[in-house]
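Step one of this worksheet: look at the structure below.
The values are calculated or read from the model by the stated rules, or taken from the named source; none is laboratory data. None of the values given here were measured: they were computed from a predicted structure. Heads up, the Cβs are rebuilt from the backbone with ideal geometry, glycines too, and the neighbour counts pull from every protein chain shown.
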């Protein structure tokens, strides 16, 4: 948008009061400039009609020019000076008073109050007055020969082009010189310009002189809002413009409001796309209230959200609406948590009454109403008796009298009273006249649009919703009628009929038939009514509109459109991770049968309180094209609904102090509220008051300290049982009531009658219910009291075990112990001695006088450390087809068959991945090892090692249930299958024979090579022998075992031969074992 503005050089230059005179470019001589100014009344000629530009200007004439030039108001009735002849009749007085009042000119003698109106004006005086009048910036270092007092003013006038730098500044100014200056000022004041908004932060101005000025704004423009912008041209002239960034297409959500409890109005700053703006899935409320439908205003800038049945806003509360995926031109409008106040303080009223023929009456209310019955109406002074139909928007009520004559043609009156809105406000009785005319015209289809899956029909008038049926709207495939499967009312005369993907309309022009629809006069749509539609092929991908945690084990996902059941219900399409990035396994996904845009994702384990992550992939919409969702990753926030609990309480009777530690951050206002505590004083229960104890929140609201007074009612206070003796008061018990956490959850102990703290004895510190091995160098110990500090040697590990390097205490009951080297992953080398004398409780007393032991056998010990594998050492060979993986502790699995799924095994020689499902390998879990048995002999042509990895597996755990840690390792080299076969076959054919078996020392030849290129080495018992073995006879019969090791490549087999050596001369024999 462009707008021509007249600008001022300064706030004092209000030139708009002058009529525009088009002389600018043609007035080039001093006379022409004088004539132009005279036409505006700024200059006057002399009585002889001439300008006399050569004459010197008097101060009175100068005052008039300045007054006229700047548009100052002439001042009458005031005489500020005492010059002779300075009276009300003097023509110059109004002008002199005007410039004096404006502070532009002043008298020459302030004491005698003399203006000297007939005196001459020097050029430097003229420059001074012009500089003041125009509020020009006076330079700090002027360069001219004017008087010292005038140098700065003169330089400003020179820089502005009002006077020549070569002038004699001390000489009197001529009328010609003033004309030149005045004309320059007047011309600048009449410069016009246009502007163009390049973007919200940049505006481009084009002056009538041709100069272009580009302005970058400090604050971006707001759409369709007039904003004042100041800028300067190259000459330094300042302009003020009112700029409007005219926007017809929305750029953002401008705001939201709710004036009743069933509707939320979302205002955009421009027009939005009707289809996406009226998609209820694109809006969510922070309160969790559900949106049923959305209607867009005629100007396409306002969306009214109607809540579903059962969803009602909370009056006088703040809520927020989030908007997503609303299209506006080529942009998508989204906004998160746009807050609004719900304020319904108005009674419902009747907005309009209209007859729908002679059988029904339509009453429209100012807001949605509830529980409307016939008792709320009377017709023509009689109680209404008939059918009451409330439309889908809860605003429109149709009354159909049972009497067929109740709405005869003519004038009638309906009285409405007692109608309630959703805030419970009741309408006042009001009467409304209306005229009934006979309606004999049947409804027709006035408009229809379609996608492949739905048809939206607008009828020519309001129609009876009871006559609109999905089964009576259809298209034809040959002689078959393909009917709609559902219908939804969008307005009193507008309905959407859904066919779904299975009954989708064909592409191209298709006739849709509508039957049986009637208006409220009973006129039925013409038989065989049809409308031709050209279904729009929906090529829009589904998007995730909203994600919310229904509870700790269920996520509700709302898509922008109906989604395909098969793809939406595949658990593999959903990945959930908790706040620590750990996977939460999806149990199932179920599409809502009533709203196919909604999918519920059920989980096996709980989400984390706070932010979790959901990734969705491969979900398709329910259109014929089955458009696929782009991968989505977003946050799922689970509100903390868990009640806070007392973590520990610590009592110091000497200091009369108790410190209560909670398991989460508390609402400090409830902690310091005395009404949330009861005390037992002298065996009587009473509310805690400020004169009984001081309350101090601690540790960022996670703890509270109560210090009891030294005395009460003149008696000393003891923390002990019973009733105090003379001069003493006993306080024995404290009870904590309805304190809340930061999320508003009430203390768990309050709801189960707990929260009672015994004040009669100092807290004896002992172990709490949990000791946790957090990682290989960290152990946490929970005590039954808050620990405030410790000394260096209070906690030590047994000699020979990892040394304690540091201890962390934070006032809670949990103490964190750090170690200088790794603990065993099962905690087997944890053997801590805790000297309670070295610990100080939050109440200020020593934790105790004993030493307690903490190890893996301590009650409540929890091992949270995963078993690990030392991958610096290659996995050892068991046999030619097996290797073993050692873990840092004993591990287990449901079965070996399930455990095999944890491993990825790749053969190094050819990078072949072995598949457990194909039987390529099996595993056996025992104690702290997993043995891998390979079944790839048929394809293992070369000796090779195997890469083994585990990632994200939970199929193998330690005895505490911790899944084994991820690892990547490698086995030693195993022999090739061919080598194994060669050695085995060679062993089968290897034979030995005895030479001269009857001799005293027979010999046996030992071959060093065998079949298939094998090599053979020998042992006789444990002794290595080679080539020949000589038998030594003994006095008695003996045997000797010769062992052959047959080797091919990296594989080897052994074969034993038994040599039988008889005493005497009987033959020595040899046979394979």
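Quick check on my filter: what residues within region 323-333 are touching a helix residue (DSSP H, G or I) at 6+ places or on another chain (Cβ under 9 Å) and either touching a residue at least 40 places away in the same chain (Cβ under 8 Å) or assigned by TED's automatic domain parsing to the domain that holds residue 431 (or both)? It would help to see each step written out before you state the result.
Residues of region 323-333 that are touching a helix residue (DSSP H, G or I) at 6+ places or on another chain (Cβ under 9 Å), as a first pass: 323-328, 332-333.
323, 324, 325, 326, 327, 328, 333, listed by residue number.
Could you please let me know if residue 106 is in contact (Cβ under 8 Å) with a residue 12 or more places away in the chain and either in a loop (DSSP other than H, G, I, E, B) or assigned by TED's automatic domain parsing to the domain that holds residue 74 (or both)? Talk me through it step by step, then tell me what you get.
On the way: in contact (Cβ under 8 Å) with a residue 12 or more places away in the chain: no; either in a loop (DSSP other than H, G, I, E, B) or assigned by TED's automatic domain parsing to the domain that holds residue 74 (or both): yes.
When the stated conditions are applied, residue 106 does not pass them.
Can you confirm whether residue 266 is touching a strand residue (DSSP E or B) at 6+ places or on another chain (Cβ under 6 Å) and in a loop (DSSP other than H, G, I, E, B)?
Working: touching a strand residue (DSSP E or B) at 6+ places or on another chain (Cβ under 6 Å): yes; in a loop (DSSP other than H, G, I, E, B): no.
No: the conditions fail for residue 266.
Here is a check on your reading of the model: is residue 404 surrounded by fewer than 17 Cβ atoms within 10 Å (Cβ to Cβ), closer than 19 Å to residue 518 by Cβ and modelled with pLDDT of 95 or more?
Working: surrounded by fewer than 17 Cβ atoms within 10 Å (Cβ to Cβ): yes; closer than 19 Å to residue 518 by Cβ: yes; modelled with pLDDT of 95 or more: no.
So residue 404 does not fit the description; no.
Hey, any hits in region 94-101 for a residue that's in contact with a helix residue (DSSP H, G or I) (Cβ under 7 Å, 6 or more places away or on another chain) and in a loop (DSSP other than H, G, I, E, B)?
Taking region 94-101 first, the residues in contact with a helix residue (DSSP H, G or I) (Cβ under 7 Å, 6 or more places away or on another chain) are 95-96, 98-99.
Keeping just the survivors that are in a loop (DSSP other than H, G, I, E, B) gives none.
No; the residues of region 94-101 include none that is in contact with a helix residue (DSSP H, G or I) (Cβ under 7 Å, 6 or more places away or on another chain) and in a loop (DSSP other than H, G, I, E, B).
Condition test on residue 462, is it within 30 Å of residue 357 (Cβ to Cβ), part of a loop (DSSP other than H, G, I, E, B), at pLDDT below 95 and not assigned by TED's automatic domain parsing to the domain that holds residue 627? Quick ask: steps written out before the conclusion?
Working: within 30 Å of residue 357 (Cβ to Cβ): yes; part of a loop (DSSP other than H, G, I, E, B): yes; at pLDDT below 95: yes; not assigned by TED's automatic domain parsing to the domain that holds residue 627: yes.
When the stated conditions are applied, residue 462 passes them.
Between residues in region 483-512 that are in the same structural domain as residue 294 (by TED's automatic domain parsing) and under 22 Å from residue 595 (Cβ atoms) and residues that are crowded, with 20+ Cβ neighbours inside 10 Å and at pLDDT 95 or above, which pairs lie under 7 Å by C-beta distance while being six or more apart or on different chains?
Qualifying pairs under 7 Å: none.
If we only count strands (runs of 3 or more DSSP E) wholly inside region 516-611, which ones have 3 or more residues that are surrounded by fewer than 19 Cβ atoms within 10 Å (Cβ to Cβ) and either out of contact with any helix residue (DSSP H, G or I) (no Cβ under 8 Å at 6 or more places or on another chain) or not assigned by TED's automatic domain parsing to the domain that holds residue 492 (or both)? It would help to see each step written out before you state the result.
Numbers: elements: 529-533, 544-551, 554-559, 574-577, 586-591, 598-603.
Once the strands (runs of 3 or more DSSP E) in region 516-611 are filtered for at least 3 residues that are surrounded by fewer than 19 Cβ atoms within 10 Å (Cβ to Cβ) and either out of contact with any helix residue (DSSP H, G or I) (no Cβ under 8 Å at 6 or more places or on another chain) or not assigned by TED's automatic domain parsing to the domain that holds residue 492 (or both), what remains is 529-533, 544-551, 586-591.
Going by the structure shown, is residue 888 closer than 18 Å to residue 923 by Cβ and surrounded by 17 or more Cβ atoms within 10 Å (Cβ to Cβ)?
The answer is yes for residue 888.
Please work out which residue is nearest to residue 983 (Cα to Cα), limiting yourself to region 1000-1038 and to residues that are touching a residue at least 60 places away in the same chain (Cβ under 8 Å) and surrounded by 12 or more Cβ atoms within 10 Å (Cβ to Cβ). Even if it seems obvious, please write down each step before you answer.
Kept after step one, since they are touching a residue at least 60 places away in the same chain (Cβ under 8 Å), are these residues of region 1000-1038: 1000, 1002, 1004.
Adding the requirement that they be surrounded by 12 or more Cβ atoms within 10 Å (Cβ to Cβ) leaves 1002, 1004.
Numbers: 1002: 29, 1004: 22 Å.
Among those residues, the one meeting the criterion is 1004.
Those residues that are part of a helix (DSSP H, G or I) and either more than 20 Å from residue 52 (Cα to Cα) or at pLDDT 85 or above (or both), I need them from region 142-184; list them, please.
Going through region 142-184, the residues part of a helix (DSSP H, G or I) turn out to be 148-159, 175-184.
Scanning region 142-184 gives 148, 149, 150, 151, 152, 153, 154, 155, 156, 157, 158, 159.
Working only within region 335-347, note down all residues that are in contact with a strand residue (DSSP E or B) (Cβ under 6 Å, 6 or more places away or on another chain) and in contact (Cβ under 8 Å) with a residue 60 or more places away in the chain. Please lay out each step first, then the result.
Just the residues of region 335-347 that are in contact with a strand residue (DSSP E or B) (Cβ under 6 Å, 6 or more places away or on another chain), to begin with: 335-342.
Residues satisfying the conditions are 335, 338, 339, 340, 341, 342.
Taking only pairs six or more apart or across chains, which ones have beta-carbon atoms under 6 Å, a first residue in region 1045-1059 that is not assigned by TED's automatic domain parsing to the domain that holds residue 1031 and surrounded by fewer than 17 Cβ atoms within 10 Å (Cβ to Cβ), and a second residue that is modelled with pLDDT under 85 and part of a strand (DSSP E or B)?
Correct list of pairs: empty, since none qualify.
For the list (1) surrounded by fewer than 15 Cβ atoms within 10 Å (Cβ to Cβ); (2) within 40 Å of the chain's Cα centre (by Cα), I need the number of the one condition that residue 902 fails.
For residue 902, the exception is condition (1).
Here are the criteria: (1) at pLDDT 80 or above; (2) surrounded by 20 or more Cβ atoms within 10 Å (Cβ to Cβ); (3) assigned to a loop (DSSP other than H, G, I, E, B). Tell me which single one residue 67 does not satisfy.
(3)
Looking at region 750-801 only, could you name the residues that are within 20 Å of residue 821 (Cβ to Cβ) and not in a loop (DSSP other than H, G, I, E, B)?
Answer for region 750-801, where residues must be within 20 Å of residue 821 (Cβ to Cβ) and not in a loop (DSSP other than H, G, I, E, B): 771, 772, 773, 774, 775, 778, 779, 780, 781, 795, 796, 797.
Here are the criteria: (1) outside any loop (DSSP other than H, G, I, E, B); (2) in contact with a helix residue (DSSP H, G or I) (Cβ under 9 Å, 6 or more places away or on another chain); (3) not assigned by TED's automatic domain parsing to the domain that holds residue 961. Tell me which single one residue 905 does not satisfy.
Looking at each condition in turn, residue 905 falls short on (3).
Is there any pair with a first residue in region 703-724 that is assigned to a loop (DSSP other than H, G, I, E, B) and a second that is loosely packed, with under 14 Cβ neighbours inside 10 Å whose Cβ atoms are under 6 Å apart and which are 6 or more apart or on different chains, and what are they?
Listed pairs, sorted by first residue: 723/683.
Inside region 674-684, can you point out the residues that are closer than 22 Å to residue 746 by Cα and free of Cβ contacts under 8 Å to residues at least 40 places away in the same chain? Please lay out each step first, then the result.
From region 674-684, those closer than 22 Å to residue 746 by Cα are 674-679; that's our starting set.
674, the sole residue that qualifies.
So which of 228, 238 ends up being more than 30 Å from residue 277 (Cβ to Cβ), in contact (Cβ under 8 Å) with a residue 60 or more places away in the chain and not assigned by TED's automatic domain parsing to the domain that holds residue 326? Give the steps one after another, and end with the answer.
On the way: 228 fails: in contact (Cβ under 8 Å) with a residue 60 or more places away in the chain.
Exactly one residue qualifies, and that residue is 238.
Assigned by TED's automatic domain parsing to the domain that holds residue 1064, more than 30 Å from residue 772 (Cβ to Cβ) and free of Cβ contacts under 8 Å to residues at least 60 places away in the same chain: which single residue out of 988, 933 fits that description? Spell out how you get there, then give the answer.
Working: 933 fails: assigned by TED's automatic domain parsing to the domain that holds residue 1064.
Selected residue: 988, the only one of 988, 933 that is assigned by TED's automatic domain parsing to the domain that holds residue 1064, more than 30 Å from residue 772 (Cβ to Cβ) and free of Cβ contacts under 8 Å to residues at least 60 places away in the same chain.
Yes or no, residue by residue, for (1) assigned to a loop (DSSP other than H, G, I, E, B); (2) more than 44 Å from the chain's Cα centre (by Cα); (3) under 30 Å from residue 394 (Cα atoms):
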| residue | (1), (2), (3) |
| --- | --- |
| 455 | no, no, yes |
| 458 | no, no, yes |
| 482 | no, no, no |
| 508 | yes, no, no |
| 513 | no, yes, yes |
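Mind checking which residues of region 826-873 are under 27 Å from residue 967 (Cβ atoms) and not in a loop (DSSP other than H, G, I, E, B)? Before the answer, list the steps.
To start, the set of residues in region 826-873 that are under 27 Å from residue 967 (Cβ atoms) comprises 826-830, 856, 861-873.
Once the filter is applied, which keeps residues that are under 27 Å from residue 967 (Cβ atoms) and not in a loop (DSSP other than H, G, I, E, B), region 826-873 yields 861, 862, 863, 869.
Give me a count of the residues in region 348-393 that are outside any loop (DSSP other than H, G, I, E, B), within 46 Å of the chain's Cα centre (by Cα) and either without any contact (Cβ under 8 Å) to a residue 40 or more places away in the chain or surrounded by fewer than 16 Cβ atoms within 10 Å (Cβ to Cβ) (or both).
5
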